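Reviewing the structure listed below.
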Amino acid sequence: MSFTTKQSESKAPGVPEVATQGAEAHRRDWTWVEASVWNERMLAALENGVKGGKWLSLIDKVYRAETLKVAWQKVAANGGAAGVDGQSVKQFAARAEMYLKELSIALERGTYRPMPVRRVEIAKGGGKHRPLGIPVVKDRIVQTALKSVLEPIFEREFLGMSYGFRPGRGCKDALREVERWLKEGYTFVVDADLRSYFDTIPHARLMERVKEHVSDGRVVELIEAFLQQDIIKDMERWTPTGGTPQGAVISPLLANIYLHALDCQMKQKGYRMVRYADDFVVLCRNAEQAQAALAEVKAWVEANGLSLNAEKTHVGDCRQEGQGFEFLGYRFEAGQRWVRRKSFKAVRDRIRIRTKRTRGDSLAKIIADLNPTLRGWFNYFKHAHPMTFSGMDGFVRRRLRAILRKQEKRPGIGRCRDDHQRWPNKFFATQGLFTMVTARELASQSR
C-alpha cells in the first residue's frame, strides 16, 4: 500500500512526496494470528474493516477456554520467575486445568483482578540498572490471551517503518531498511532517544488511542487494570501513574500503539523513519531536512507527554567521522558498520564469565559452552567491519590460553610467544572453537 500526498506547506523542505516503507508495499500476512481466536469470519472483518473502525465484542474471545489454554502454553514455554504470590510456572502446571477454569470464570463474570507486579533491578552496564516487572503466572496468561485478541487489530494499522516486537519483523529487518535508505543517499540522520519511555507513557492518552479501535468496555477496563497494577519492590508498594511495566506481556504492544501516532505524522510529512520500539532514526538527504525532522520529533514528543534525552539525541552526516549514529547495537559511520562499544563490552563480559581461569572444566566443555554465544553474536554482527572479528577471535583465544596455563599451575594470562606456539590458533580450531574470521570468509563466499 503506497502513500502519496500533495505537496503542502507542512512538508519538510525538499522531502519527496512518496515514502513507501517495509510491509506497506505488500499485502499483510495473517498466518501468525491465533487460530482459536481469529477464525475466517474474524479475519475477513479484519481485512475489510469493522463498522466505525471499532471492535465491539472481544472479551468473550479473551476468556474462551481454548484462548487461555494456548496462552498458558506460551507462558509455560517462556518460563520465568515467580511473581509476588511465589507461584512458579511448575507449580501452576501441576493444577493448570483447574486454574485456567478459574481464570475463565473470573474474566467472564468480571471479578478478575490483577495482582501486584514484583519489581527487580537488572544491571545494564556502566553501573546503571533498568527496572523489570514480574507479574504472577496467572496475570501473564491473561495478558497473553488479551494480546492474542488485540494484536491483529492494531497490526492492521501499524506502518512499515515500525519493527520492534511485531510478528514476522525484527532487528535485522530494521537494519536492512536503514542500510537501504543510506545507500539511496539519506545520510543526514536524526538519532533520537526518548527518556524513560516505557515508564512515562501517559495512561489517559494511551487509552484514548486504544479506544480508537476497541470499544468493548470490559477489554478497556482490563487494560486499565494492568496499567494500574501496584508495584512491589522490597518493602515498598505503589501505584504507577504512567508508563507500562517493562516485563509485562502486553507492554510492547501498548508502547507501539502510543508511538504509532508519531509514525503516522512522520510519514505524512514525507520523512524516512525507522523505528524499533522506542529506538528510532530519521534519515534525510541534507542537513536542512534533518534539522526540520528533529524539530518535528521534538514538537510531537512534547505535545504527547514524553521527553527526549538531550545528551543522546543528535543530528549528523554519517558519512563523516565523528558524526555517525548508533542503532540496534551497530554504529554507522564513515560508510561502515561498526559494533558499538556497549555491545562489545556486553559480549566480552559474557565471555569473561565463561572463561574464568579458576574454572575447572575441560577445554572441550568450555568451548561447547562458549560456541553458542560466539555464533549468535557473529550471526547478528556479521555485517560489521571485518576488523571486528579478528579482534574478537584473539580475545577468546587469550582467555582460553590463560585457562590452560592455570591448569598447568603456571601464572600468566596467555599472551606470551611460547603460549602461542604451544597452543596456536589452529589448535583451538581443531578443538571445535567457533572462529569468527573463518565464519565471515565462508559467509562472503556464499554471497
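The values are calculated or read from the model by the stated rules, or taken from the named source; none is laboratory data. All figures in this text were calculated on a predicted structure; none of them were measured in a lab. As a convention, Cβ positions derive from the backbone with ideal geometry for all residues, glycine included, and neighbour counts pool all protein chains shown. Surface areas here come from the heavy atoms of the whole protein model, side chains and all, with no ligands, DNA or RNA. Shrake-Rupley method; radii C 1.70, N 1.55, O 1.52, S 1.80 Å.
A few notes on this one:
- Lys61 being modelled with pLDDT under 95 and basic (Lys, Arg): no
- Of residues in region 35-88 being more than 21 Å from Val214 (Cα to Cα) and among the charged types (D, E, K, R), the one least open to solvent (accessible area, probe 1.4 Å): Asp85
- Residue satisfying condition, being part of a helix (DSSP H, G or I), within 17 Å of Asp278 (Cα to Cα), open to solvent by less than 50 Å² (accessible area, probe 1.4 Å) and modelled with pLDDT of 95 or more, within set Val178, Val189: Val178
- Residue match in region 193-214 (condition: polar (S, T, N, Q), surrounded by fewer than 20 Cβ atoms within 10 Å (Cβ to Cβ) and in a helix (DSSP H, G or I)): yes
- Failed item, numbered, when Ala402 is tested on (1) at pLDDT 95 or above; (2) out of contact with any Ser or Thr (no Cβ under 6 Å at 6 or more places or on another chain); (3) among the aliphatic types (A, V, I, L, M); (4) open to solvent by less than 20 Å² (accessible area, probe 1.4 Å): (1)
- Annotation: of all residues in region 89-113 being more than 29 Å from the chain's Cα centre (by Cα) and in a loop (DSSP other than H, G, I, E, B), the one that is surrounded by the fewest Cβ atoms within 10 Å (Cβ to Cβ) is Thr111.
- Residue check, Gln289 within 26 Å of Glu184 (Cα to Cα), loosely packed, with under 15 Cβ neighbours inside 10 Å and polar (S, T, N, Q): no
- Test set (1) at pLDDT 95 or above; (2) in a helix (DSSP H, G or I); (3) not acidic (Asp, Glu) - Phe332 fails condition number: (2)
- Condition check for Gly270: touching a residue at least 40 places away in the same chain (Cβ under 8 Å), on the phi > 0 side of the Ramachandran plot and surrounded by 15 or more Cβ atoms within 10 Å (Cβ to Cβ): yes
- Members of region 274-329 that are within 23 Å of Asp199 (Cα to Cα) and part of a helix (DSSP H, G or I): Leu294, Glu296, Val297, Lys298, Ala299, Trp300, Val301, Glu302, Ala303, Ala310, Glu311, Lys312
- In region 301-314, the residues that are under 20 Å from Gln265 (Cα atoms) and of a type in the set (A, V, I, L, M) reach residues that are open to solvent by less than 20 Å² (accessible area, probe 1.4 Å) and modelled with pLDDT under 95 with C-beta atoms within less than 7 angstrom, at least six apart or across chains, in these pairs: Leu308/Ala192.
- Residue count for region 318-366, restricted to those that are of a type in the set (A, V, I, L, M, F, W, C) and on the phi > 0 side of the Ramachandran plot: 2
- Residue within region 52-67 that is among the polar types (S, T, N, Q), in a helix (DSSP H, G or I) and without any contact (Cβ under 8 Å) to a residue 24 or more places away in the chain present: no
- For region 71-88, the candidate set comprises residues that are of a type in the set (A, V, I, L, M) and not in a loop (DSSP other than H, G, I, E, B); within that set, the residue that is farthest from Asp60 (Cα to Cα) is Ala77.
- Taken over region 122-180, residues that are within 30 Å of Asp349 (Cα to Cα) and of a type in the set (Val, Ile, Thr) amount to 3.
Residues checked against (1) open to solvent by 70 Å² or more (accessible area, probe 1.4 Å); (2) more than 26 Å from Leu175 (Cβ to Cβ); (3) without any contact (Cβ under 8 Å) to a residue 12 or more places away in the chain:
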position	(1), (2), (3)
Leu374	no, no, no
Trp377	no, no, no
Ala384	no, no, no
Met387	yes, no, yes
Arg397	no, yes, no
Gln407	yes, yes, yes
Arg410	yes, yes, yes
Cys416	no, yes, yes
Trp423	no, yes, no
